[in-house]
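Chemist: One structure, pasted below without further comment.
The values are calculated or read from the model by the stated rules, or taken from the named source; none is laboratory data. The structure displayed is predicted, hence computed values, not measured ones. Ideal geometry is used to build each Cβ from the backbone, glycine not excepted, and the neighbour counts take in all protein chains shown. Remember, those area values only see protein heavy atoms, side chains included, never the ligands or the DNA or RNA. Shrake-Rupley method; radii C 1.70, N 1.55, O 1.52, S 1.80 Å.
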Amino acid sequence: MQPFLINSSYSNVIDDFQQQEVLINKLKHRFKTYGYRQIKIPAFEYYDMYASINGIVNTDDMVKVMVPKGKVLVLRPDVTIPITQVMVNHPTTQNDRYFYIMDIFRYHDQANQVNERTQAGIEHFGKKSATTDAEVIALAIHTLQDMGFIDFKMEIGHAGLFKALISLAGLSKQELIHLQNFIQSKNIAELEPYLNSLEIDDPLKELIRNIPFLYGLL
């Protein structure tokens, strides 16, 4: 009898899947110890839901599908937005802590391909408080430790600072998306010339230029 052989490339895929499952189980366990319940959303969502919110997902990166009645759907490019929509449309007092582990899909024009990756996170819909912030930070630290990280640093920022400054700039939707991408990735090399190309007062440019460096460390 000839031995059964697995192609090496498929073998790597199988090994990667097994490792991913181990990590996912660790994530689930840690999230549950903090009282978070798992939530799942559909793979397809309406395009309008994402397009109506500036700066979250670039519409050019969405994988779009046209359905028979003319509506445009997208393969899930993000998880936070639809989960928030669920909570707004179906409020509940039974639980305010949820976690998700789902695949998201983005189209990359330069590579001309669709990338699929697994996204995991938590959503806390309780009242804003220092206790809630401390809980989320502690959960993040415990999760990183569960993943085997020993020496790490956590950055803590506030989106309100960015939004307040950007509101003064009067940027278009596309300009805002580009600027936010540069700041989030701390891409200083491209942020500088892009800021110079915008019609913004110099003092405001200087403030925006410093945003990537304004964060706390734990």
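Chemist: Could you pull the Rg and Dmax for the stretch 65-218, using just the Cα atoms, both in Å?
Modeler: Cα-based Rg and Dmax for the stretch 65-218 come out at 19.0, 53 Å.
Chemist: With a point put 7 Å past each Cα toward its Cβ, work out how far Ala189 is from Asp48 in nm, to one decimal.
Modeler: Computed distance between label sites Ala189 and Asp48 equals 4.2 nm.
Chemist: For the chain, give the share of DSSP beta bridges that are antiparallel, in percent and rounded to the nearest 5; count only bridges with both residues there.
Modeler: Working: 20 of 22 bridges.
Taking every DSSP beta bridge with both residues in the chain, the antiparallel ones total about 90 percent.
Chemist: If you don't mind, there's one more thing I want to ask. What is the magnitude of the charge dipole of the chain about its Cα centre, with +1 placed on the Cβ of each Lys and Arg, -1 on the Cβ of each Asp and Glu, and no other charges, expressed in debye to the nearest 20? All intermediate terms of the calculation are to be shown ahead of the outcome.
Modeler: Working: 21 positive and 25 negative charges, 174 e Å.
With Lys and Arg at +1 and Asp and Glu at -1, about 840 debye.
Chemist: Along the Cα→Cβ direction, 7 angstrom out, place labels at Asn181 and Gln19. What is the inter-label distance in nm?
Modeler: Going from the Asn181 label point to the Gln19 one covers 2.9 nm.
Chemist: While we're here: For the chain, modelled as a Gaussian network with Cα springs under 10 Å, which listed residue fluctuates most, Asp16, Asp61, Asp202?
Modeler: In the Gaussian network model the winner is Asp16.
Chemist: Still on this structure: If the reach is capped at under 26 angstrom between alpha carbons, list the lysines near Lys153, excluding any in the same chain fewer than eight residues apart.
Modeler: Filter leaves Lys26, Lys28, Lys32, Lys128, Lys163, Lys186.
Chemist: Now for a separate question. Over the chain, calculate the relative contact order: mean separation of alpha carbon pairs under 8 Å at least 6 apart, over the residue count, as a percent. The partial results should precede the final answer.
Modeler: Details: 206 pairs, mean separation 38.8, N = 218.
About 18 percent, as a whole number.
Chemist: Step through the residues of the stretch 72-87 one at a time and calculate ³J(HN,Hα) from phi using the Karplus curve (6.51 cos²θ - 1.76 cosθ + 1.60, θ = phi - 60°), rounding each to whole Hz and writing x for Gly and Pro.
Modeler: 9, 10, 10, 5, 2, x, 7, 10, 4, 4, x, 5, 4, 4, 4, 5
Chemist: Here's something else I'd like to know. Residue by residue, what Karplus-based ³J(HN,Hα) values in Hz, rounded to whole numbers, does the stretch 134-142 have, using 6.51, -1.76 and 1.60 with θ = phi - 60° and x for Gly and Pro?
Modeler: So the Karplus estimates, Gly and Pro as x, are 5, 4, 5, 5, 4, 4, 5, 5, 4 Hz.
Chemist: Same structure again: May I ask for the angle, rounded to the nearest 10°, between helix 8-33 and the longest principal axis of the chain, with both axes built from Cα atoms and the value confined to 0 to 90°?
Modeler: 70 degrees
Chemist: In a GNM of the chain with a 10 Å cut-off on Cα contacts, which of His124, His90, His108 has the highest mean-square fluctuation?
Modeler: Ranking His124, His90, His108 by mean-square fluctuation puts His90 first.
Chemist: Once the dipole of the stretch 87-129 is set up with Lys and Arg at +1 and Asp and Glu at -1 on Cβ about the Cα centre, which of Gln119, Pro91, His108 lies farthest towards its positive end?
Modeler: Result: Pro91, furthest along the dipole toward the positive end.
Chemist: Give me the percent of the accessible area of the chain that comes from carbon and sulfur atoms, probe 1.4 Å, all protein chains in place.
Modeler: Working: 8040 of 14720 Å².
Here carbon and sulfur together make up 55 percent of the probe-accessible area.
Chemist: Over the stretch 36-124, what is the mean sequence separation of C-alpha contacts under 8 Å (at least six apart), divided by residue count, expressed as relative contact order in percent? Can you show the working numbers first?
Modeler: Numbers: 134 pairs, mean separation 27.2, N = 89.
Averaging sequence separation for qualifying contacts and normalising by length gives 31 percent for the stretch 36-124.
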